[in-house]
Structures are given as C-alpha cells and as structure tokens.
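Asks: Input: one structure, supplied below.
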Amino acid sequence: MPLFTSEHEEIRRNLQKFIAAEVNPHVDTWEEAGIFPAHELFKKLGTLGFLGLNKPVEYGGQGLDYSYALLMAEELGTIRCGGVPMAIGVQTDMATPALARFGSDEVRRAFLEPSIAGDFVAAIGVSEPGAGSDVASIKTNARSDGDDYVINGGKMWITSGTQADWICLLTNTGDGSIHDKTLICVPMKSKGVTIARKLDKLGMRASDTAQIYFDDVRVPKRNRIGEEGQGFTYQMIQFQEERLWGAASALKGLEMVIADTIEYTRGRRAFGRSILDNQVVHFRMAELATEVEALRSLVYRAAELLVAGEDVTRLASMAKLKGGRLARELTDACLQYWGGMGFMNETSVSRFYRDFRLMSIGGGADEVMLTILCKMMGILPGSSNKA
Amino acid sequence: MALPYASEHVQFRESVRRFVDKEIAPHHARWEEEGVISREAWRRAGEAGLLLTNIPAEYGGGGADFLTSVIMIEEMMCHVFSGPGFRLHSDIVAPYILHLGTGEQKKRLLPAMARGEIITAIAMTEPGAGSDLQSIRTRARRDGDEFVISGQKTFITNGQLADVVIVACKTDPAAGAKGTSLILVEASRPGFSRGRNLEKIGMKAQDTSELFFDEVRVPVANLLGREGGGFGHLMSELPQERLLVGITAVTVMEAALRWTLDYTRDRKAFGRTIADFQNTRFKLAEVKTEVTVARTFLDDCILKHMRRELDVATAAMCKWWLSELECRVVDTCLQLFGGYGYMREYPIARAYEDARVHRIYAGSNEVMKEIVARSL
C-alpha cells in the first residue's frame, strides 16, 4: 500500500513551488544575516495551510494524518540550508504537537491557532545551559501563585528564540522529579523574559538560536498544556515526532548533496578527465545513494506505523540516530571531491557539511538515541525488560 | 623516539607562548570577523624573532633548527589560532628563496621577511587547476629583459597582505611540466591586483585570496631558480609542506583530547559526569591510542626530515593519514561536547571548521594516495 496518494503529490507540488519562489532565492541572504524573517515566511506558509497539515481542523489545521507531515518534512529538505527547515519543523513538529494533543480549548485558541495561521512564531524550550540530554535535570521552575505560575530559570539553544511570540516551556512545578514537570505556553513578551544572546553557531546560520532568561515571569495557569506534572510525559511523546521529522527532513537534502557533487565533479577536470570519472568517486556516490535509500525506507516504515496508531519510539530513534551519522559521513565524503571549493562558504556542500553536523547533537543526541534503544531492547543496566 | 628538544627550545617555546598570549590571543576573534590579521602582528612577530627561525642567521633568520617551526605550530594551533600565515611565510616561501634564490634575491628578501616587513605568499593554484598543477595557465612571456605575466591565481594564503608572491607560471606553454617557472612578483607592480578575500568555512582569520595578473612586468632577475625548472623546484619543497600539515594535525588532536577530558570531567548529566559514561571512556581511550600512534609516526617523520631523509611517499602518508585521523578525532571530541560543540566560542568547534581543509590543501589526500600508490 503506497504511503503517498495523489492528494499527497498535489501538496508536494505546491510545497515545491513555494520553496522555489519564496525560500531558496533568499537563503544565501539569510545565511549571511544569521536570521530569516520568520513572521513573514510563516505567515505565507500558514496562509497556504502548510503549518497545520496534521493539526486539528478546529484550530485551522487540515486534520490530515502523519503521512502528510512526513511529506512536508521530506520536501523541506530541498531548501538549500538546514536552518530554515529546522525552524519550520520546530513550528509544526516540535513546539506544537503536545499543545495540539493535550491542550485545553482555551490554550489552543490562544497559541495553537495563531501558530497554525502563521501569525505566531513558536519556540520549544526544553534545554538549559546545564541540561541538554538530561532533560530530567532541568532547573527552570514554575511556582504556583494564585491563578498564576511565576517562572524562574533559563533556556539554551532555543531555535527562533529571538523572533518567537511564545515558547512551549518545560518547567518544574514540584520537587524536580520527572513526575513534577509541566509544559506551559509562555508569551515571549511577558515581563521578565530576556533574550540573553543570539548564539554564533558552526552551522544552521539562517536560524536564530538564543539563550533566554526567565526572571519572575508571571503567566496565568490556563496557559498550561494539559495536566500539571505530566510535562515530562508529554514532552517524551512530543519527541517521537521531532525525531522522525529530523530523519525525514534529511533525506532530500542528502540527495541534493550527492546530486550537486555529481554535477560539480562531472564538470571539473584534472589529469585529463573529470573528477567524476575517477572510480573511487563514482563508486562512493553509489554507496552513499544506497545509504540514503535505506534511511528512507526506515523513515517511511516508521511513518506508516505512526499513521496506523502505533508507538514508533524505537524506529523513530533509530531513524534519527542513523540520519545524523549518515548525514555527517555523506556530507564529509562529498565535500572532499569539491577540492578547495568544498572549503568555500559559497558552495552548497560546505553549508550542508556545517548544517548537518547538528543532526547528531540537536533533537536528541546520538547517545540519547542509543540509550533509548537499549532501554527498549531491555539491555540498559537497571531498566526493566521492555520489548 | 622523542624529539631532541634542548634548553634553547624550551626557552624559545616560552617566548612563543608569551607572544601568543600578548599579541595573538586578544585579537584572533576580531581577525576572524575581519578575515585577516593585522600587519602590525606580522611586524611584532618579526621583532620577537618568530619568523624564519629555521633560516640561517646570515640572512636575518633565527639560525635555529626545524624544531622551532614545530614549536611555532604547537603554540599557535593548540589554541586554533590559524589566522597568521607564519608557517607559509617561514617554512614554505622562505626555503624556496633560500634554496633557489640568487645572492641578491636572498639579501633583498630574507632579512625583511624575517622582520615581518615583507609578507609573502606562493601562488600555484588557479581556478581551473588545483591538484593538476601541470595545467596551470598563468603565462610569463619574455619581452626583452622582462617577463610579462598574465593570469589568475586562487586560494592563495596571505593573499590580502602579501608584498611579494612567488608565482608559478608557464614560461613555455608547449612544454608541459618543463615549461613551468617560479617568478617573484612584488605586489607594487602595475597590473597586479588582489581579488576577493575568500569566505571559508574555517581558518576565518587567514586571508585566502584570488590574485590577478594583468600584463605584470617584472625584471628577468625576478626568476627564482631555473627557467623551466619550476615543477622540479616545487617538488623538492613539498615534503616539508606536507609535514607541516601532519604537525598541525597532531597538535590539534592532542589539544582536542585535552579540552574534551576537561569538559567531560566537569559536565554533568544523569547524575554523573559525561566522563563517567563507558561510551565516553572508551571513545577517549580510542582517541588517546590513535593520537599516541600518530605522535610516534609524526616524530619519526620529523626526525627523518631533520636528517634530510624524508622521502616524498612518506611525507604523503604523513599528510593524508594524519589529516584524516584529525578530522575523525575532532569530530568524535566535538560530539562529546553536545550542544556546546556546535558553538563557535568553543575551540573544538573552530578546530572542526579548520580541520576540514587539511585533507584538501597542500596537495589533496587523493593526490597523496596516488603518490603512495606509485611508490608501491
């Protein structure tokens, strides 16, 4: 049973047209500037329905199943940088799934609906300077005060952090244990929210990444997503889609790197023949293309199971792990065949080399994926047997 | 086998360290933004006796051995201060002039180079010819007692600042390799212009540029070495250039391991330090082993080189194997920094950016493998 139907293909074509007209012509400028205009771009995407493909119809979404989200993730991979797809992915698959699934009507009207419309730029606030992989040890807390929470703490590596209208914030509402964490929607213009700095990163430079402080930030309790104390659980569920999104969005980007490298090496000559005509080069291209197809199969399989209502934590984690590692290997191998041009910022391969390095770190580092998988295989020391 | 460092070397290292702390460290981040270091830094390096250390004192050099070059690399690259093109100037251009130059050329250039008053570059690569050096097209036409040079070079280290450039030209386009000559071109000559300072993914403080030659006239006396001997001349100095890459690679790997040990011993997650995880311990054990083997091989190559016994194939092995290892090691170490490894303010991120070119420049690793294959 094919995953994609003719409806899918129509959405794919529209997305391709959009990317060609509204995104790719500007990527070089945005990379240079270190930021892309999120409000402008998201409004355009939102108007075309692209920010809510698998979000509830009541809030402006299309109510379609995950296969459509997958399709969009895959097409975003044709954007000629990693930063812009990443920011769009935050908007659709990282900051909003828990809100869409567990939020009250009121909080969804206030935050989900405008995010789907593209009027609000969303951020996801989980990581802190002292807690990346170890989500359980975050320190940001939300103290109960009447009808409000008062939030103190800080978050790090926040995508779109300098532009976001609201942030889906994971906080401690109790003693800091994993049963005492809560997801709260915090408007970024709230008093006490400070953007400490915009971070200077190795890659993903078109995406503005921020460190943010929260000093006695007061938000009404109705901004909470779902139940108090359930934040950790919701976030773990939210992570599944984030991981699968990550792997899916890599596929076409990696294929572009291969295609660009074939084009470059076909035209570049040395020692009386094209670089591509060297056996080590064309063999390597074939090897790498094989690996990308294998990753695609894993991603599609996970997506199909998700559409069928299954828990795909295991396959999504595998896809993320494999994606990050393949992305590093592939971009590195391809860059080499560009020679000195591979070290120049102006080439696509050098940008993807820098951008894809994040994949093994952000969205759950490789080591975290491995830990999850071991737990599921029942082989993590101290964990109970889970198949 | 340890390198024969003596007390003079220890003192030299201390003086380099002081210089780096005072004259390089406070400025390097700004130089990265500007894409070039200051001319002042070159002059100060000259004043401090840190340029041309390996060139005889009679030409204004330091009169010291190759270990001083090794020390310069170690003290700069342990901080990823890759902006200053001192190595190219002191250990690539200066030896060409020392070995090939006339008495007049050596007297005119070497002392001023040692003082940092003349900054130099060497221009071989062209937009259409990198690895395939034989197919360069820059032409040097003889006209009376002048050469007239026209063409274009790219990826030239020190390109924005260089006062004198050794240019690889075709003096006889019909003659293949034997039609190549090396000619000194002063930047002040009419017709010479600097192109873009190229934006690179790493080594951002190093000014790497395009150079244009539009009917540039230089006296025939600017010929370096033999007319038509350019290719052979280049081959004779390339082993040292390749060794320099190997030295950089090992220096960076050793530094990366140190930074990573410090970071992982401090960083906590899941109730313990990152260093406590077996994955970390074993990865770093692997790195330590590889770096130790690398250091042993490198030191052997350095000693051979100091005895003038480093052959072309071994130099090629040194260059490709160590640069490839460096990229793997730096990548492994970066991963252990988590999100911080992606932040440019951390040296590991800049080491990652810089390392990538080590497999490409000074002769791509593919060319190195071809050289080794031929020696089999």
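Asks: Which one of A:A286, A:G339, A:A316 has its Cα pushed farthest toward the positive end of the charge dipole of the stretch A:233-377, where Lys and Arg give +1 and Asp and Glu give -1 at the Cβ?
Replies: So the residue furthest toward the plus end is A:G339.
Asks: Something else: Sequence neighbours fewer than 8 away in the same chain don't count; with that in mind, list the aspartates and glutamates whose C-alpha is under 14 Å from A:K181.
Replies: Counting by Cα, and skipping residues close in sequence, A:K181 has these aspartates and glutamates nearby: A:D134, A:E227, A:E228.
Asks: May I pose another question? If R0 is 22 Å, what FRET efficiency do you get for B:M235 and B:A174 from their C-beta distance, rounded to 0.05?
Replies: 0.55
Asks: Quantify how much of the Cα-Cα distance distribution of chain B extends past 37 Å, in percent. Don't jump to the answer; show the numbers that get you there.
Replies: Details: 13732 of 70500 pairs.
The share of Cα pairs beyond 37 Å in chain B comes to 19 percent.
Asks: Can I ask one more? Which FRET efficiency value, to the nearest 0.05, is calculated for B:R30 and A:D311 with the Förster distance at 51 angstrom and r the Cβ-Cβ distance? Walk me through the numbers before you get to the answer.
Replies: Details: r = 51 Å, r/R0 = 1.01.
So the FRET efficiency works out to roughly 0.50.
Asks: Taking R0 as 41 Å, what's the FRET efficiency between B:D299 and B:S188 from their Cβ-Cβ distance, rounded to 0.05?
Replies: For B:D299 and B:S188, the calculated efficiency is 0.45.
Asks: Which of A:T265, A:M156, A:L199 sits closest to the plus end of the dipole of chain A, meaning its Cα is farthest towards the positive end, when Lys and Arg get +1 and Asp and Glu get -1 on the C-beta?
Replies: Projecting each Cα onto the dipole axis, the largest value belongs to A:T265.
Asks: Something else now. Ignoring everything except DSSP H segments at least 4 long, calculate the 222 nm mean residue ellipticity for the protein assembly as shown; use -39,500 (n - 2.57) per segment, divide by total residues, nearest 500.
Replies: Taking each H run of at least 4 residues, the total per residue is -14500 deg cm²/dmol.
Asks: Return the loop-located trypsin sites (Lys or Arg not before Pro) in the stretch A:182-248 (DSSP other than H, G, I, E, B) with at most 10 other Cβ atoms within 10 Å of their own Cβ; answer none if there are none.
Replies: A:K189, A:K191
Asks: Write down the Å³ per residue value for the convex hull defined by the alpha carbon atoms of the protein assembly as shown. The partial results should precede the final answer.
Replies: Working: hull volume 129.4 nm³, N = 763.
Looking at the protein assembly as shown, the number lands at 170 Å³ per residue.
Asks: While we're here: Along the positive direction of the dipole of the stretch B:120-228 (beta-carbon charges: Lys, Arg +1; Asp, Glu -1; about the Cα centre), which of B:G191, B:T171, B:T154 reaches farthest?
Replies: With unit charges placed on the Cβ atoms, the residue in question is B:T154.
Asks: As a quick test, which of the pairs A:K189/A:K375; A:K191/B:K200; A:K189/B:K200; B:K204/B:K288 have an alpha carbon distance above 32 angstrom in this structure?
Replies: Correct reply: A:K189/A:K375; A:K191/B:K200; A:K189/B:K200.
Asks: With +1 assigned to the C-beta of every Lys and Arg and -1 to the C-beta of every Asp and Glu, and no other charges, what is the dipole magnitude of the protein assembly as shown about the Cα centre in debye, to the nearest 20?
Replies: Dipole size: approximately 720 debye.
Asks: If you count, for every residue in A:342-351, the Cβ atoms of partner chains within 10 Å of its Cβ, what is the mean?
Replies: 5
Asks: Once you put a point 7 Å from the Cα of A:E291 and another 7 Å from the Cα of B:D311, both along the Cβ direction, what distance in nm separates them?
Replies: About 3.5 nm separates the two model spin labels.
Asks: On average, how many beta carbons from a partner chain sit within 10 Å of the beta carbon of a residue in B:198-205?
Replies: Across B:198-205, the average partner-chain Cβ count within 10 Å equals 5.
Asks: Can I ask one more? Scan the stretch B:312-363 for GluC sites (Glu not before Pro) in coil per DSSP, keeping those whose Cβ has at most 15 other Cβ atoms within 10 Å, and list them by number.
Replies: B:E345
Asks: Another one. Under 16 Å from a label point 7 Å along Cα→Cβ of B:K22: give me every residue in the stretch B:31-67 with its amide N that close.
Replies: Those under the cut-off are B:40-51.
Asks: About the Cα centre of the stretch A:304-359, what is the dipole size in debye to 20, counting +1 per Lys and Arg Cβ and -1 per Asp and Glu Cβ, all else neutral? Before the final figure, lay out each step's value.
Replies: Working: 8 positive and 7 negative charges, 44 e Å.
In total the dipole reaches around 200 debye.
Asks: In which sequence would A:T182, A:T290 go, from the one with the fewest C-beta neighbours within 10 Å to the one with the most?
Replies: Ascending Cβ contact count within 10 Å gives the list A:T290, A:T182.
Asks: Give me B:S181, A:S133, B:S38 sorted ascending by neighbouring Cβ count inside 10 Å, so fewest comes first. Intermediate values should be presented prior to the final figure.
Replies: On the way: B:S181 23, A:S133 20, B:S38 16.
By the 10 Å Cβ count, ascending, the order reads B:S38, A:S133, B:S181.
Asks: Roughly what would the spin-label model give for B:K369 and B:R142, points 7 Å off Cα along C-beta, in nm?
Replies: 4.2
Asks: With 10 angstrom as the radius, rank B:F282, A:F343 by how many other C-beta atoms surround their C-beta, starting from the fewest.
Replies: Taking fewest neighbouring Cβ atoms as first place, the list is B:F282, A:F343.
Each value in this text was obtained by applying a stated rule to the coordinates, not by laboratory testing. Here the structure is a predicted model, which means the values were calculated and not measured. Every residue, glycine as well, gets a Cβ built from its backbone with ideal geometry; the counts of neighbours run over all protein chains shown.
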